[in-house]
1. Are any residues in segment A:87-98 out of contact with any Leu (no Cβ under 8 Å at 6 or more places or on another chain) and either buried (at least 16 other Cβ atoms within 10 Å of the Cβ) or not in a helix (DSSP H, G or I) (or both), and if so, which ones?
2. For segment A:108-126, name all the residues that are in a loop (DSSP other than H, G, I, E, B) and either of a type in the set (S, T, N, Q) or in contact with an Asp or Glu (Cβ under 6 Å, 6 or more places away or on another chain) (or both).
3. Would you mind stating whether A:Pro382 is more than 13 Å from RNA strand B (Cβ to nearest atom), more than 30 Å from A:His315 (Cβ to Cβ), surrounded by fewer than 17 Cβ atoms within 10 Å (Cβ to Cβ) and in contact (Cβ under 8 Å) with a residue 24 or more places away in the chain?
4. Mind telling me which of the residues A:Arg40, A:Arg46, A:Arg21 ends up being in a loop (DSSP other than H, G, I, E, B) and touching a residue at least 24 places away in the same chain (Cβ under 8 Å)?
5. Could you check, for segment A:373-393, whether at least one of its residues is modelled with pLDDT of 95 or more, in a helix (DSSP H, G or I) and among the acidic types (Asp, Glu)?
6. Out of the residues in segment A:258-288 that are aliphatic (A, V, I, L, M) and buried (at least 19 other Cβ atoms within 10 Å of the Cβ), which is farthest from A:Gly242 (Cα to Cα)?
7. For A:Glu426, which of the numbered conditions (1) within 19 Å of A:Glu404 (Cβ to Cβ); (2) near RNA strand B (Cβ under 10 Å from one of its atoms); (3) free of Cβ contacts under 8 Å to residues at least 12 places away in the same chain fails to hold?
8. Testing A:Ile17 on (1) within 16 Å of the chain's Cα centre (by Cα); (2) modelled with pLDDT under 95; (3) aliphatic (A, V, I, L, M); (4) more than 15 Å from RNA strand B (Cβ to nearest atom), one condition comes back false. Which one is that?
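The values are calculated or read from the model by the stated rules, or taken from the named source; none is laboratory data. Keep in mind it's a predicted model, so treat the numbers as computed, not measured. Backbone-built Cβ (ideal geometry, glycine too); neighbour counts: all protein chains shown.
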Amino acid sequence: MSVVVRFPPSPTGFLHIGSARTALFNWLYAKHTGGTFLLRVEDTDRERSTPESVATILEGMQWLGFDWDNTTDPKNNGKTYYSQFEHRERHAEVARQMVANGTAYYCYASTQELDAMRAEQKAKGLPQRYDGRWRDRPASEAPADVKPVVRLKAPLTGETVVDDKVMGRITVQNSQLDDMVLLRGDGTPTYMLAVVVDDHDMGVTHVIRGDDHMTNTFRQVQIYRAMGWDVPVYAHLPMILGPDGAKLSKRHGAPAVSDYRDKGYLPEAIRNYLLRLCWSHGDDELISTEQAVAWFDFDGIGKSPARFDFVKLAHVNAHYIGLADNERLADLAAPFLKEALGRDLTAAERDVLIRALPDIKPRVQTVREIAEATLFYFHRLPLHEKAQKLLTPEAKAHLRDLAERLKALPDFTAEAIEGAFRAYAEEKALKLGGVAQPLRAALTGSNVSPPIFTAAALLGRAEVLGRVQAVVEG
RNA sequence: GUCCCCUUCGUCUAGAGGCCUAGGACAUUACCCUUUCACGGUAGUAACACGGGUUCGAAUCCCGUAGGGGACGCCA
């Protein structure tokens with residue numbers, strides 16, 4: 001039987017980076033097995049499920065390159081994804097079937113009544129669970145003014161066992177589980193019911209999700225059993241924690257996938273980094289997506305939670321920047337440069353950027369840093385304090401002499417410029433750095449830059465002479 | 001509080017009873033390369049949570065303890 005997996009985000013306003021990891025593992029497993037990857041938006045919470053928040057999820061998925069297979073499924077009613085909300089009637093129907101076959105029942109307890117029950121349980125130090133007060137009570141005793149909920153008639157004895165592909169065999173005593181609500185008083189389904197019905201209707205064979213769902217799994221398995229449906233294979237992934245070991249949240253700086261794009265990370269780097277959280281393949285670290293598809297399987301997944309390490313992510317990102325096409329990087333850096341420059345790059349400037357990239361790539365870790373490192377090509381920057389110190393009176397005198405030689409160069413290439421500087425340094429018994437550093441200061445305003453002779457060639461003779469003159473006279 | 005799960009360098013991890021003097025990667029330290037900064041190269045510091053078993057032999061199996069995470073909603 002072919003594998004069917006799904007990723008079921010709820011539209012909370014952004015795609016969480018932890019959810020992205022779950023999406024990645026599902027997507028990889030589908031690709032690895034030649035199976036199907038479905039997207040289902042869990043939009044039953046009408047407050048949060050705005051068109052914008054759904055669009056954000058879709059954008060995040062597309063940016064990461066996680067293409068799903070049900071974009072044109074008839075079950076979507078014209079949408080590019082399965083909307084849980086649209087199937088609420090089907091969910092309610094299943095709840096009614098369960099009442100009919102005796103695996104669920106109506107409960108007329110009011111919210112206040114249940115709050116009081118839980119408060120009492122808590123005060124006595126007892127586990128907080130529904131006590132089954134309507135489980136066997138006849139409908140004739142139902143109060144007229146309460147709209148009942150439908151609850152699962154869960155088994156009271158025995159145990160529920162799940163053979164998890166990551167965690168192994170996990171067991172819970174049924175006495176620990178109460179009769180959960182399946183259908184609310186207003187007739188809408190709860191998450192527990194909706195998930196099971198949708199997964200069954202969509203033919204999901206493998207449920208790969210965060211282990212925060214572990215206890216939900218036992219309850220969902222009971223629903224499958226009550227309906228006589230096949231239970232899917234489960235794989236619960238350990239959580240991703242923040243650097244401090246607490247649940248990854250806004251507090252840690254970047255909870256949303258879009259934050260990473262805005263900080264200048266590449267989607268392939270995010271994929272590689274996320275893959276290595278809780279999953280491994282021997283000593284392999286830098287793993288292409290193609291390789292990941294070939295290698296990914298459940299046996300590589302670890303059981304313990306992982307902390308998110310921004311420093312290592314940056315390293316992985318640097319690796320993929322090194323691999324990336326220069327034109328692509330130039331286009332990705334353009335918005336950042338526009339932000340700094342207050343204008344768009346001209347076609348000629350874009351060309352300079354592309355030609356500068358081979359020198360820039362090994363020096364940056366993010367696309368944003370590409371913009372920072374290349375800003376001087378397009379704009380004269382103020383002299384940094386450390387650059388100022390390099391421009392001693394002697395250094396300025398050398399630059400004045402060198403400017404004359406640069407004017408006389410037949411070709412203004414990096415090799416020619418370097419030749420001129422080396423010859424001059426030798427004549428004056430100086431180290432190359434003694435003349436190269438002042439040039440760097442003059443051209444970039446900084447004591448740190450990409451190799452200065454290639455930078456000078458890219459800048460062009462007129463601009464170089466202009467910048468040198470500005471500091472020599474300044 | 002009850003239940004479920006987890007525990008190897010600071011971090012991500014390799015490790016399926018002898019291959020372990022515990023390996024790799026990031027970070028970190030030193031050196032080399034070098035026009036600066038990077039990249040790259042070489043070397044170094046650094047971990048089996050603790051306590052009991054089982055075994056000729058345990059990071060690996062079992063049991064406790066401690067610590068961490070998650071779940072206990074008419075949220076998803």
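1. Scanning segment A:87-98 gives A:His87, A:Arg88.
2. A:Ser110
3. Working: more than 13 Å from RNA strand B (Cβ to nearest atom): yes; more than 30 Å from A:His315 (Cβ to Cβ): yes; surrounded by fewer than 17 Cβ atoms within 10 Å (Cβ to Cβ): yes; in contact (Cβ under 8 Å) with a residue 24 or more places away in the chain: yes.
Against the criterion (more than 13 Å from RNA strand B (Cβ to nearest atom), more than 30 Å from A:His315 (Cβ to Cβ), surrounded by fewer than 17 Cβ atoms within 10 Å (Cβ to Cβ) and in contact (Cβ under 8 Å) with a residue 24 or more places away in the chain), A:Pro382 qualifies.
4. Numbers: A:Arg40 fails: in a loop (DSSP other than H, G, I, E, B); A:Arg21 fails: in a loop (DSSP other than H, G, I, E, B).
The conditions single out A:Arg46.
5. Looking for residues that are modelled with pLDDT of 95 or more, in a helix (DSSP H, G or I) and among the acidic types (Asp, Glu), one finds none in segment A:373-393, hence no.
6. Filtering segment A:258-288 down to residues aliphatic (A, V, I, L, M) leaves A:266, A:269-270, A:274-275, A:277, A:286-287.
In the following step, the residues that additionally are buried (at least 19 other Cβ atoms within 10 Å of the Cβ) were identified as A:266, A:269-270, A:274-275, A:277, A:287.
Working: A:Leu266: 21, A:Ala269: 19, A:Ile270: 16, A:Leu274: 13, A:Leu275: 16, A:Leu277: 12, A:Ile287: 23 Å.
Once the filter is applied, the top-ranked residue is A:Ile287.
7. The failed condition is (2).
8. The single condition A:Ile17 does not satisfy is (4).
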